[in-house]
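Data first, discussion second: the structure below is written as structure tokens.
The values are calculated or read from the model by the stated rules, or taken from the named source; none is laboratory data. The structure presented is a predicted model; accordingly, all values stated were derived computationally and were not measured. Because the Cβ atoms are built from the backbone with ideal geometry, glycine has one as well, and the counts that use them run over all protein chains shown. The protein model used for the area step is the full one, side chains on, heavy atoms only, and it has no ligands, DNA or RNA in it. Shrake-Rupley method; radii C 1.70, N 1.55, O 1.52, S 1.80 Å.
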Amino acid sequence: MKMNYRDWLQQLIYKIINPIINGMIKIGITPNFITTTGLVLNILAACILVYASLYEPYNLSYVGWSGAIILFAGLFDMMDGRVARIGKMESKFGALYDSVLDRYSELITLFGIFYYLVLTGYLWGSIIAFIALIGSLMVSYVRARAEGLGLDCKVGFMQRPERVVLTSLAAIFCGIFENTTLFDPMLILIVPMGLIAIAANWTAFARLAHCYKLLNGKDK
């Protein structure tokens, strides 16, 4: 079976982090602890954005640091499942806990971006971020609801890994190019939010259409 780019990249990352995974298992770190740590890091990233919007609204280095933390937290999202599988610590509650905290993590970081854009005067940018938040939530909801009906629903491009990487890199580069005079550096954050807003909501509807076809096929 042909490996797609997501599978290839995932296997590459696994090869890099496997020594860390094995070390975590040896010292007794559990998947739920890793999942919780990822949530705490995402909350920290959102808090940095809220602080910056209140006290350092034009210091985009805070945006860059928040992006770096979001990207770092994304590694924990991969490591918890890996630790569970390799360490034979998989459980139904662990899978549920991981899914719930992943949703909280993403919504909290997107709220942080939304809040930052509102308080720094980027109204349209904040609306775009809010639409991205809605799309991110609905992508996950449609899949969860479909799987509850016994359907496989993983279609669409803008899934969680893509959203996390795009969000984090946008924030990082926004901070790196804060002193550019060629254009407003905030666009480096807002434009990717627009891409997520469009692609995530498109993915949600694509999944809905996919489920419609599957259910119609079952009903015939």
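What to note about this one:
- A Förster distance of 45 Å, applied to the separation of the beta-carbon atoms of residue 51 and residue 213, puts the FRET efficiency at 0.45.
- Summarised in one figure, the compactness ratio Rg/Rh of the stretch 66-177, Cα atoms and Kirkwood Rh, is 1.01.
- Top of 36, 120, 203 by mean-square fluctuation, Gaussian network on the chain, Cα under 10 Å: 120
- Local net charge near residue 113, Cβ-Cβ under 15 Å (Lys/Arg +1, Asp/Glu -1): 0
- Against the chain, whose longest principal axis comes from its Cα atoms, helix 5-26 is set at around 90 degrees.
- Selected from 46, 170, 209 as most flexible by GNM, with the chain as the system and alpha-carbon contacts under 10 Å: 209
- Candidates 110, 44, 96, ranked by Gaussian network fluctuation over the chain, Cα under 10 Å, top entry: 96
- Charge dipole magnitude, Cβ of K and R +1, D and E -1 - the chain, Cα centre, debye nearest 20: 940 debye
- Here is the tail figure for the chain: Cα pairs spaced more than 32 Å apart come to 23 percent of all pairs.
- What the chain shows is 57 Å² of accessible area per residue, with the surface traced by a 1.4 Å probe over protein heavy atoms.
- Once the Cα atoms are used to define both axes, helix 61-86 deviates from the longest principal axis of the chain by about 10 degrees.
- Two-site FRET efficiency, residue 40 against residue 12, from Cβ-Cβ distance with R₀ of 22 Å, rounded to 0.05: 0.25
- Entry note, the chain: relative contact order of 24 percent, from Cα contacts under 8 Å with a spacing of 6+ residues.
- In loop segments of the stretch 146-220 as defined by DSSP, the chymotrypsin sites (Phe, Trp or Tyr not before Pro) with at most 13 further C-beta atoms inside 10 Å of their C-beta are 157, 183.
- Helix 123-148 axis versus longest C-alpha principal axis of the chain: approximately 10°, rounded to the nearest ten.
- Loop-located trypsin sites (Lys or Arg not before Pro) in the stretch 87-174 whose Cβ has at most 11 other Cβ within 10 Å (DSSP): 88, 154
- When the stretch 60-141 is described by a simple charge dipole with +1 on each Lys and Arg Cβ and -1 on each Asp and Glu Cβ, the residue from 133, 121, 71 located farthest towards its positive end is 71.
- Environment charge of residue 32, counting only residues whose C-beta is closer than 9 Å and scoring Lys/Arg +1, Asp/Glu -1: -2
- For the chain, lysine pairs with C-alpha atoms less than 30 angstrom apart, excluding pairs fewer than eight positions apart on the same chain, total 19.
- Volume of the Cα convex hull of the stretch 1-132, divided per residue and given in Å³: 135 Å³
- Chymotrypsin sites (Phe, Trp or Tyr not before Pro) within the stretch 44-100: DSSP coil, no more than 12 neighbouring Cβ in 10 Å: 58
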